[in-house]
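S.K.: Let me begin by handing over the structure; questions about it come next.
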Amino acid sequence: MPEHAAPPPGDPPGIDAPDANAPDADPPGTNAPDVDAVTHAVLTASRLLVAVSVRSLASVGQPVTLPQLRLLVVLATHGDAKLVAVAERLGVNPSTAMRMLDRLIGAGLATRRSNPDSRRETALRLTPAGRALVEQVTAARHREISAIVERMAPERRSALVSALTAFTEAGGEPSVPGDEAEPYPLGWSDTHANHNVADSRQN
């Protein structure tokens, strides 16, 4: 009676070896970080960016909070605006926006005037001092972030651009062309109005 040849060593019969060339397969020898690890890294980076923003604001020597600067940024970006429109863009109640605005007007950074076509409407705008403050904070923030990026190896800068682009696209944040003036120096845009964050402590 003939003897059966033993199967060659390797995977047990009936089990296919993984295809290393499959499109979803990770490169050999690499372990992709899980969602929690990536989330932790992003939160850590966000703390750094907030700290940079706080230092940039402190460098101009004006007694303005980050939420108040955010209001100035909205006026700098959109020009004359109504209170309701500003509140919507900030994602706060009109009463909260009014309290912030009153303090900015008192500091000479913003002003209000009646709409000549409708006395019941008030138009809000930056003063020259308010616009200068936004520009100074933006420039200070840009300098500090540039200094941090310069300390990174070139290949890590490329990886960071790719990672941050993918992250902002996944979050639905519109990109800002590099050759245009930065309209949101603290990273805030009109998309935040949809969050409807009404926190009276922001003033």
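S.K.: What is the mean projected area of the alpha carbon convex hull for segment 29-86, to one decimal in square nanometres?
M.R.: Averaged projected area of segment 29-86's Cα convex hull equals 6.8 nm².
S.K.: Once the other residues with Cβ under 10 Å from the Cβ of R125 are scored (Lys, Arg +1; Asp, Glu -1), what is the net sum? Show your work: numbers first, answer last.
M.R.: Values: positive: R112, R113, R131; negative: D80.
Within the 10 Å Cβ shell, the charges total +2.
S.K.: Then there is this: What number do you get for segment 51-128 when its Cα radius of gyration is normalised by 2.2 N^0.38 Å, N = residues?
M.R.: 1.11
S.K.: Would you mind counting up the charge near T111? Only other residues with Cβ under 11 Å from its Cβ, with Lys and Arg at +1 and Asp and Glu at -1.
M.R.: Numbers: positive: R112, R113, R125; negative: D80.
Result for the local shell: +2.
S.K.: Okay, moving on. So, counting K/R as plus one and D/E as minus one, what does the shell of residues with Cβ under 12 Å around V52 add up to?
M.R.: +3
S.K.: Near the amide H of A110, under 5 Å away, which other amide H atoms are found, from residues 5 or more places off or on another chain, if H is placed in the peptide plane?
M.R.: I105, T127
S.K.: Which order do peptides 33-46, 91-104 fall in by mean Cβ count within 10 Å, highest first?
M.R.: 91-104, 33-46
S.K.: Shifting gears a bit: Take A166, project a point 7 Å from its Cα along the Cβ direction, then tell me which residues of segment 40-75 have their backbone nitrogen under 19 Å from it.
M.R.: 40-46
No value in this document is a laboratory result; all are computed from the given coordinates. Keep in mind that this is a model prediction, so the values were computed, not measured. Reconstructed Cβ throughout: ideal geometry from the backbone, glycine too, with neighbour counts over all protein chains shown.
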